[in-house]
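Data first, discussion second: the structure below is written as structure tokens.
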Amino acid sequence: MATVAAGGFIALQAPINAALGRAVTSPLAAASISFAVGTAALVAITLLFSGGYGGVGGASGLGWVYLTGGLLGAVYVTTALITVRTLGAGAVTAATVTGQLATSLALDRVGAFGLAERPLSGPRLLGVALLAAGTFLVVRGR
């Protein structure tokens, strides 16, 4: 249930950030402000509920790709902030979910990043195809 709620937050994020971008007259500045607020919130949550940053040294043993999560988030936020003006919140969210599911199936298939390998199957591929068709209809119907 929490994941469904978080998905709803993603739908809210693009139009909220687009309004911020109009107010500050720059989509990049709006994305930066959004990430600064998010960073401040995460620092506070980490300090309050996780005992701080004592284990941060463990990241030094990881490959560089494991440190790109924030960069990937910044790309998403900036892209959504820019495209929501022309596509609308529904189309941006539909395209986001379609991209997430298609990429996730590929990651599951190869067991990327320590995930358990899960084979592609007809029903899983059909789910992506139906989601892609739905995205097409949402984008086209705008």
Next on the checklist: Suppose we filter segment 108-142 for residues that are basic (Lys, Arg) and in contact (Cβ under 8 Å) with a residue 24 or more places away in the chain; how many remain?
Outcome noted: 1
Next on the checklist: Could you go through segment 103-121 and let me know if any residue there is in contact with a helix residue (DSSP H, G or I) (Cβ under 8 Å, 6 or more places away or on another chain), within 20 Å of residue 80 (Cα to Cα), not in a loop (DSSP other than H, G, I, E, B) and not polar (S, T, N, Q).
Outcome noted: no
Item to check | Residue list for segment 1-41, restricted to those being of a type in the set (Ser, Thr, Tyr) and either in contact (Cβ under 8 Å) with a residue 60 or more places away in the chain or under 14 Å from residue 97 (Cα atoms) (or both) | outcome: 3
Item to check | Contacts under 9 angstrom Cβ, first residue in segment 43-56 being farther than 17 Å from residue 70 by Cβ, partner polar (S, T, N, Q), 6 or more apart | outcome: 52/46
Next on the checklist: Criterion first (in contact with a Leu (Cβ under 6 Å, 6 or more places away or on another chain) and either loosely packed, with under 12 Cβ neighbours inside 10 Å or closer than 23 Å to residue 139 by Cβ (or both)) does residue 98 satisfy it?
Outcome noted: yes
Item to check | Residues (of a type in the set (D, E, K, R) and touching a Lys or Arg at 6+ places or on another chain (Cβ under 9 Å)) located in segment 110-142 | outcome: 117, 118, 124
Checklist entry - Of these, 87, 81, 105, which one is more than 24 Å from residue 28 (Cβ to Cβ), in contact (Cβ under 8 Å) with a residue 12 or more places away in the chain and surrounded by 16 or more Cβ atoms within 10 Å (Cβ to Cβ)? => result 105
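Residue by residue, here is whether (1) in contact with a Pro (Cβ under 7 Å, 6 or more places away or on another chain); (2) part of a helix (DSSP H, G or I) holds:
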position: 7; (1), (2): no, yes
position: 11; (1), (2): no, yes
position: 21; (1), (2): yes, yes
position: 30; (1), (2): no, yes
position: 33; (1), (2): no, yes
position: 38; (1), (2): no, yes
position: 54; (1), (2): no, no
position: 71; (1), (2): no, yes
position: 95; (1), (2): no, yes
Checklist outcome for this item: By residue number, the members of segment 21-65 that are under 26 Å from residue 76 (Cα atoms) and either touching a Phe, Trp or Tyr at 6+ places or on another chain (Cβ under 6 Å) or of a type in the set (S, T, N, Q) (or both) are 25, 26, 32, 34, 39, 46, 60
Checklist entry - For the subset of segment 16-67 comprising residues that are β-branched (Val, Ile, Thr) and surrounded by 12 or more Cβ atoms within 10 Å (Cβ to Cβ), which member is farthest from residue 82 (Cα to Cα)? => result 46
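Where a number appears in this text, it was derived from the coordinates with a stated rule and is not lab data. Computed from a prediction, not measured in an experiment: that's the story for all the values here. Virtual Cβ from ideal backbone geometry, glycine too; neighbours counted across all protein chains shown.
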